[in-house]
Every structure is written in C-alpha cells, then in structure tokens.
C-alpha cells in the first residue's frame, strides 16, 4: 500500500518547472478567449422554453439564482462580459487562480446553456476541463503579473535583484494539472476507439480498421496541429480551412484542428518535465 | 496533496464512466456529465444497401394540404429540430408540438392543424447514395381528442 502511495505521489507530484504550466495557461486561455469574443447569445436565448432541458452542471452553476432559472439574453451577456474580464486576468496572470476559476465557471455556464436545447458538440469540453484543472493549480507561478509582483517585493525586501530563472523554478504541484489533462484526453480518445469497435458491426476487420484509423487520425491531429492551437488563435486564416481528416467545414474556432491540437501541450509536457 | 489526489481520482473516475458511454438512471442522452464526455463520433458503420433516415416535419393545413417545415422555418438548427418538433410528433406530445405550431403560425402566417414526420431516406450504394422510398413515420392531429396515455410529456 505504501509503495502504491509513493508511486502515486512520484507520478503526480514530481517537481516540474512552473513555466510549463504557465505556457499552457496562456495558450489555453488565449484560445478560449478568442472563441468567447465571437459569441452571441440571441439564438439560444430565443429558443422555446419547451426545448430547454438544462444539463446538470448548468443547474449547479445557476443554483444561486434558482435551480430552474432559465437565463435570458441580458443574463447571458452579463456573464459573457464578466467571463471576458476574468479571462483577461487569467491571461496576464493577475489574481490568476481567481481569474481562472471565474473564467472556467463562466465558460462552462455559457456552453452548458447553449447545449441545453438538444444541440450538443464535443470539441470544447476538453477546454472546459482544462480550465477547471488550471484554476486549482499554481498556473500563475510564472509568466504572470502575480509572479512579477511577488519577485519585485522579494527583491525590494532583500535589496538585491534576482533574475527570473524560469526553468529552474519547479514545484511538485506544477505537474499534476498537465498530466491530468493528458489522461482526460487519452480517455476521451479511448472512448472514440471503443465506440468504433463496439458499433462498427460484426465485421471485425472493418471495426478494427475504423478504430485504428481513428487512432491514427487522433495522433496525426495532435502532431500536425502543434501550432494549430496557438497560431490559429492569432491567425484567422487558419479557421477557413477544413481539417485534413474531416468532411465538416471548419467554420468554428472549435474545429478539430485546435481541439485535437490541444492534446499536444500536455503530451509534450512529459518531455519538458524530464528536462 | 490529499485534496488534490482526491480531485485527480474523481476526475479520472468521472471521465472513465463518461468514456464508457454508460448512461445510468434517468439520463437518456450522453452529455449529462458534460464537460466530461464520451466521444463516439461517427462510429456507426453503414453498409451497402443501408437506408439512412432523413426526417422532415410536415404541417397539415385545415384544408388537408401539406406544407414542408424546415428547421429554419422554426428558427432552429438541425439537432434542436430533431429533439424539438420531430420528437414531439413521434412522442405524440401535443403540448410540446403546439409550441412549434404557434411559432410557425407567427412566423409564416400559416395555420396548421396537425403534423407528420416524413422519412425521406437515402440508400447507400456502390455508386453513391440514392433517394429511397419516403414514408410517414408519425403523425399528430391537434383536432382529435387525445388518446388516453398517449399524451407523452418530455
């Protein structure tokens, strides 16, 4: 038992550079902010009440205003602007954890509301989970105003200037968020392969081919989209193209490219952590 | 460290359950655990000769003529169209269907006294897909008295 606990601790809580987590924070928040600024809520706010079938997490988030409260347009827009503000705080790393928590909650509320009318899409869910996890992590421990302020105060106290030494600053709590995001993504992709195997019918060869094709597409998506998450956020032209494996037009920031590409960072993290 | 370990374990368990695609208890569709999701996208295989359903809502006017009602006629997109009016007619839920009757009347000035759900399938062949024989899969009239036990509410 003790060995298992030690193995658990060594896996999840080994020292990891804080800068890894900070880079992920900036990229994930930037991608999410870019999506958020494009959102409008007229469509979901105008849906008939009979279609409103709130997701459980929406009930929970709306609990302070009532279990069965149905947000109207003004409410959604107020949440939108508060979430934008929280996202900017999270991006620059000012009151980082508070900002990340509010940003995660606001985004989850807005998406969960949009998905409470029988319409449901997959790609943004991993972003929501990643934001929740980052909110509980020392994501503001580097590349943030919080960290800059902390170091300035320390320098002033010691009357001595110390450089940032980004890669040398590690924490046992900086690795678990990225490993957990990595595991969540792996389980989601496992679900895709399992569904292929389970639902492809009795022709085993077709089923296995489908599953392995999907797996290859997932891996290719992650590798090819190394720059997808980051670059396409700042380069709108990227959004115009369709992902190479998808027949769907890629008109949304949540096209397969950035969401599959988002797997790259946590996967890459293993390499970073070993440096 | 203990709290974070519990959080990690909880996340992994919830995601593993979601990935399994199991839907316990009263939950009838996948995203009840959202944002923890399964990902069975496009996993259903179709083979040569299979019919793929394409459902369309048909409005029945008082003079018994029929009018096709597309999702955009009701201000809906594809999935809300399936989960809203199409499901209401298939479940014989007049109260749910009447919402869409009113929306259509307000938007188009056309009164309907009933709905049908028409399936216009396509058949998969080696040469591509071809239209299959259309068939009515459900109908609902607002004039007839409700059959007992058939007024299913969602």
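Which of (1) within 14 Å of chain B (Cβ to nearest Cβ); (2) loosely packed, with under 15 Cβ neighbours inside 10 Å does residue A:120 not meet, given it meets every other one?
Here residue A:120 meets the rest and fails (2).
Identify all residues within the stretch B:50-64 that are part of a strand (DSSP E or B) and either within 13 Å of another protein chain (Cβ to nearest Cβ) or more than 21 Å from residue B:105 (Cβ to Cβ) (or both); write none if there are none.
B:51, B:52, B:55
Taking the condition of being within 14 Å of chain B (Cβ to nearest Cβ) and more than 13 Å from residue A:179 (Cα to Cα), how many residues in the stretch A:7-34 meet it?
Residues in the stretch A:7-34 being within 14 Å of chain B (Cβ to nearest Cβ) and more than 13 Å from residue A:179 (Cα to Cα): 3 in total.
Among the strands (runs of 3 or more DSSP E) confined wholly to the stretch B:89-134, which include 1 or more residues that are touching a helix residue (DSSP H, G or I) at 6+ places or on another chain (Cβ under 6 Å), away from chain A (no Cβ under 14 Å) and at pLDDT 90 or above?
Hits in the stretch B:89-134: B:114-119.
How many residues does the stretch B:74-91 hold that are buried (at least 18 other Cβ atoms within 10 Å of the Cβ) and over 13 Å from the mean Cα position of the chain (by Cα)?
1
Only one residue in B:77, B:136, B:65 is free of Cβ contacts under 8 Å to residues at least 12 places away in the same chain and more than 25 Å from residue A:120 (Cβ to Cβ). Which one?
B:65
Is it true that some residue in the stretch A:121-139 is in contact with a strand residue (DSSP E or B) (Cβ under 6 Å, 6 or more places away or on another chain) and in contact (Cβ under 8 Å) with a residue 24 or more places away in the chain?
Within the stretch A:121-139, one or more residues are in contact with a strand residue (DSSP E or B) (Cβ under 6 Å, 6 or more places away or on another chain) and in contact (Cβ under 8 Å) with a residue 24 or more places away in the chain.
Here is a list: A:152, A:148, A:143. Which entry is surrounded by fewer than 15 Cβ atoms within 10 Å (Cβ to Cβ) and more than 14 Å from chain B (Cβ to nearest Cβ)?
A:152
So in the stretch B:34-49, with the set limited to residues that are surrounded by fewer than 15 Cβ atoms within 10 Å (Cβ to Cβ) and modelled with pLDDT of 80 or more, which one is nearest to the other protein chains (Cβ to nearest Cβ)?
Restricting to residues being surrounded by fewer than 15 Cβ atoms within 10 Å (Cβ to Cβ) and modelled with pLDDT of 80 or more, the top hit is B:47.
Has the stretch B:17-31 got any residue that is surrounded by fewer than 21 Cβ atoms within 10 Å (Cβ to Cβ), assigned to a helix (DSSP H, G or I) and over 19 Å from the mean Cα position of the chain (by Cα)? Step through it out loud before you land on a result.
Just the residues of the stretch B:17-31 that are surrounded by fewer than 21 Cβ atoms within 10 Å (Cβ to Cβ), to begin with: B:17, B:20-30.
Next, from what is left, pick out any that are assigned to a helix (DSSP H, G or I): B:17, B:20, B:30.
Those still in the list that are over 19 Å from the mean Cα position of the chain (by Cα) too: B:17, B:20.
The answer is yes; a qualifying residue exists.
Of the residues that make up the stretch B:65-86, is at least one within 20 Å of residue A:53 (Cα to Cα), in contact with a strand residue (DSSP E or B) (Cβ under 6 Å, 6 or more places away or on another chain) and either more than 13 Å from chain A (Cβ to nearest Cβ) or not in a loop (DSSP other than H, G, I, E, B) (or both)?
yes
The values are calculated or read from the model by the stated rules, or taken from the named source; none is laboratory data. What you are looking at is a predicted structure, and each value in this text was computed from that prediction instead of being measured. Heads up, the Cβs are rebuilt from the backbone with ideal geometry, glycines too, and the neighbour counts pull from every protein chain shown.
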